[in-house]
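The values are calculated or read from the model by the stated rules, or taken from the named source; none is laboratory data. Please read these numbers as outputs of a predicted model, since none were measured by experiment. As a convention, Cβ positions derive from the backbone with ideal geometry for all residues, glycine included, and neighbour counts pool all protein chains shown.
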Amino acid sequence: MVSAWASAGRKESCQHCNACINGEQVNCENGSVPTIMNKGGFASHLRADWQWVIPLPESMDITTAGPLLCGGITVFKPLLMHNINATSRVGVIGIGGLGHMAIKLLRAMGAEVTAFSSNASKTESILAMGADRVVNSRDPQALNALAGQFDLIISTVAVDLDWQPYFQALAPHGKFHTVGAVMKPFEVPAFQPDHGVTDAVMPGSSTGSPGQIAFVNETGIALTLRQR
C-alpha cells in the first residue's frame, strides 16, 4: 500500500541519454535538475517528472521520508555499488546525520559496523544506533590496529583528515568511498610499504537514481530525528 508520494531529490532528467537509459538518471548527461533548484522546492506541493516521484510505503513515518530521500540514499548508494551484505565489514567515518543513517542501514543489512568518531561522549548513542564498536578517530594506535580489516569504509565528513590509517585499514580489494564534500584533494599512495598493493578502490558518489531511492524506502529503518 502507498500512503503518499514524494519527489526524490530531483525534478527531472532527460530520459534519453545513456545514463538515463541505464537507470542512472542522477548522472544524466544533459543535467538532472535538483528539487531544491525547482520553484516550490520547499513548498507543500511541487511539480516533477513522473520517474522522480517515488511512492512511500504505508508503514513509513512521513517525517522519516525527507531525510531518507536525501541523506539516506546518499549513504545507501555506496552499499549497493559495492554489494554490501551480511558478511561485509564496514567502517563509517563521522557519525552525524549521514553517518547515523549509514549505521542504521548497515545494521538492517546485517553487516558488521565499526564507527569512527572523535567524540567519546557519543559512544553509547552510537552503539544504540546499531554499531558493533566505536573507535576513537583521534587515537593513532587504535586506527593502526585495524589494518587490513574492512571491505568498505564510508567517509561522511566534509573536513580533511589524515586518511592514511583508513586506507591501511582496507582489506584486499577494499573500497574507501567518500560522500562528504571535502574541498582538499585526497593524497592516495599507489604503494604502501607495510601493506604493499592491496588493489583498493577509492570512489565517491552523489545521491541515487529513482530505482535506488525506492529501494531505500523499503528498508524500514527508524531514524533518530531532532525536532526544531
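Has the stretch 189-204 got any residue that is modelled with pLDDT of 80 or more, touching an Asp or Glu at 6+ places or on another chain (Cβ under 8 Å) and either over 25 Å from residue 18 (Cβ atoms) or small (Gly, Ala, Ser) (or both)?
No, every residue in the stretch 189-204 fails to be modelled with pLDDT of 80 or more, touching an Asp or Glu at 6+ places or on another chain (Cβ under 8 Å) and either over 25 Å from residue 18 (Cβ atoms) or small (Gly, Ala, Ser) (or both).
Among the candidates 115, 102, which residue alone is within 16 Å of residue 205 (Cα to Cα), touching a residue at least 12 places away in the same chain (Cβ under 8 Å) and of a type in the set (Gly, Ala, Ser)?
None of the others qualify; the one that does is 102.
Mind checking whether some residue in the stretch 67-88 is without any contact (Cβ under 8 Å) to a residue 60 or more places away in the chain, among the small types (Gly, Ala, Ser) and assigned to a helix (DSSP H, G or I)?
Yes, the stretch 67-88 has at least one match.
So, in the stretch 156-177, of the ones that are in contact (Cβ under 8 Å) with a residue 60 or more places away in the chain and closer than 13 Å to residue 114 by Cβ, which residue ends up surrounded by the fewest Cβ atoms within 10 Å (Cβ to Cβ)?
Step one: filter the stretch 156-177 for residues in contact (Cβ under 8 Å) with a residue 60 or more places away in the chain, giving 156-157, 161, 166, 169, 171, 175, 177.
Right, trim to closer than 13 Å to residue 114 by Cβ and you get 166, 169, 171.
Working: 166: 20, 169: 25, 171: 16.
Filtering first and then ranking leaves 171.
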